[in-house]
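K.L.:
I have a structure I would like to understand better, so I am pasting it below and will then ask my questions one at a time.
The values are calculated or read from the model by the stated rules, or taken from the named source; none is laboratory data. Everything quoted here is computed from the prediction, not taken from an experiment. Note that we place each Cβ from the backbone using ideal geometry, even for glycine, and neighbour counts take in every protein chain shown. Heavy atoms of the whole protein, side chains included, go into the accessibility calculation; ligands, DNA and RNA do not. Shrake-Rupley method; radii C 1.70, N 1.55, O 1.52, S 1.80 Å.
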Amino acid sequence: MNKEENLVVIKEVNSDNFNDFSVLIDKLAEYEKLDPPDGEAKGRLRRDCLSNKPKYKAFIGKVGNKYVSYIIFFFTYSSFLALPTLFLEDIFVLEEYRKHGVGKKMFDFLKETAKREGCGRIEFTVLKWNKLALEFYENNGAQRLEWYLYRVAKKDF
């Protein structure tokens, strides 16, 4: 496969391509060896993405007639910088399109968005075992921090 970076068309997720977006989320779950969102969760994903006041932004990457990648992000706020932070929830590229520039094009799009929105930084988490992702981010200007990630599950509040 040739470099696909210049062939990737990035579009905002909408009602016409939402089902293709949902399929890519299932592929990410498969890659991470997790259960994909169930029917109710997919309904919430649709509502929270496509409503008049979306809770997150999502963009999908297409090469030719095939959707091959997506990103989900939202904005938080840094009290010390006094600027918004773009938080990357997911970035995913189908396996056969990795190492062909698709991920870089999606990540560059994300950086451009953060710049346009006046963000002070982009933050995200990466699974420790995902060496390919760790290398990708570090090659694209990201620095690993000395912070611990904590979570309180819904059942605990």
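K.L.:
Of all the residues that make up the stretch 10-47, how many are open to solvent by less than 70 Å² (accessible area, probe 1.4 Å) and under 20 Å from Thr113 (Cα atoms)? Steps first, please.
P.N.:
First, the residues of the stretch 10-47 that are open to solvent by less than 70 Å² (accessible area, probe 1.4 Å): 10, 13-14, 17-18, 20-22, 24-26, 28-29, 31-32, 36-37, 39, 41-43, 45.
When the remaining residues are screened for being under 20 Å from Thr113 (Cα atoms), the result is 10, 13-14, 21.
Going through the stretch 10-47 one residue at a time, the tally reaches 4.
K.L.:
Could I ask something else about it? Collect the residues in the stretch 137-157 that are open to solvent by 50 Å² or more (accessible area, probe 1.4 Å) and part of a loop (DSSP other than H, G, I, E, B), keeping them in residue-number order. Explain how you work it out, then say what you get.
P.N.:
Step one: list which residues in the stretch 137-157 are open to solvent by 50 Å² or more (accessible area, probe 1.4 Å), which gives 138-139, 141, 143-152, 154-157.
The answer is Gly141, Gln143, Arg144, Leu145, Glu146, Trp147, Tyr148, Leu149, Tyr150, Arg151, Val152, Phe157.
K.L.:
Within the stretch 93-129, can you find the residues that are touching a residue at least 60 places away in the same chain (Cβ under 8 Å) and of a type outside the set (Asp, Glu)?
P.N.:
Going through the stretch 93-129, the residues touching a residue at least 60 places away in the same chain (Cβ under 8 Å) turn out to be 94-97, 100-102, 104-106, 109, 127.
Answer for the stretch 93-129, where residues must be touching a residue at least 60 places away in the same chain (Cβ under 8 Å) and of a type outside the set (Asp, Glu): Leu94, Tyr97, His100, Gly101, Val102, Lys104, Lys105, Met106, Phe109, Leu127.
K.L.:
Scan the stretch 115-136 for residues that are in a helix (DSSP H, G or I) and under 13 Å from the mean Cα position of the chain (by Cα) and jot them down.
P.N.:
Of all residues in the stretch 115-136, those in a helix (DSSP H, G or I) come to 115-116, 131-136.
Selection gives Ala133 alone.
K.L.:
Now a separate question. Determine the pairs where a residue that is under 11 Å from Gly118 (Cβ atoms) and open to solvent by 10 Å² or more (accessible area, probe 1.4 Å), located within the stretch 66-85, has a partner that is part of a loop (DSSP other than H, G, I, E, B) and modelled with pLDDT of 95 or more with Cβ atoms under 6 Å apart, the partner being 6 or more residues away or on another chain.
P.N.:
Cβ pairs passing all conditions: Leu81/Gly120; Leu83/Gly120; Pro84/Cys119.
K.L.:
Which one of the conditions (1) open to solvent by 30 Å² or more (accessible area, probe 1.4 Å); (2) among the aromatic types (Phe, Trp, Tyr); (3) under 19 Å from Ala29 (Cβ atoms) does Phe92 fail to meet, given that it meets all the rest?
P.N.:
Every listed condition holds for Phe92 apart from (1).
K.L.:
Sticking with this structure for a sec: Take Phe107 and decide whether it is surrounded by 11 or more Cβ atoms within 10 Å (Cβ to Cβ) and within 23 Å of Leu7 (Cα to Cα). Before the answer, list the steps.
P.N.:
Details: surrounded by 11 or more Cβ atoms within 10 Å (Cβ to Cβ): yes; within 23 Å of Leu7 (Cα to Cα): yes.
Taking the combined requirement at face value, the residue satisfies it.
K.L.:
Of everything in the stretch 50-89 that's touching a Ser or Thr at 6+ places or on another chain (Cβ under 8 Å) and of a type in the set (A, V, I, L, M), which residue is nearest to Thr125 (Cα to Cα)?
P.N.:
This residue is Leu86.
K.L.:
Out of the stretch 74-91, which residues are polar (S, T, N, Q) and farther than 20 Å from Ala133 by Cβ?
P.N.:
Filtering the stretch 74-91 down to residues polar (S, T, N, Q) leaves 76, 78-79, 85.
Within the stretch 74-91, Thr76, Ser78, Ser79 qualify.
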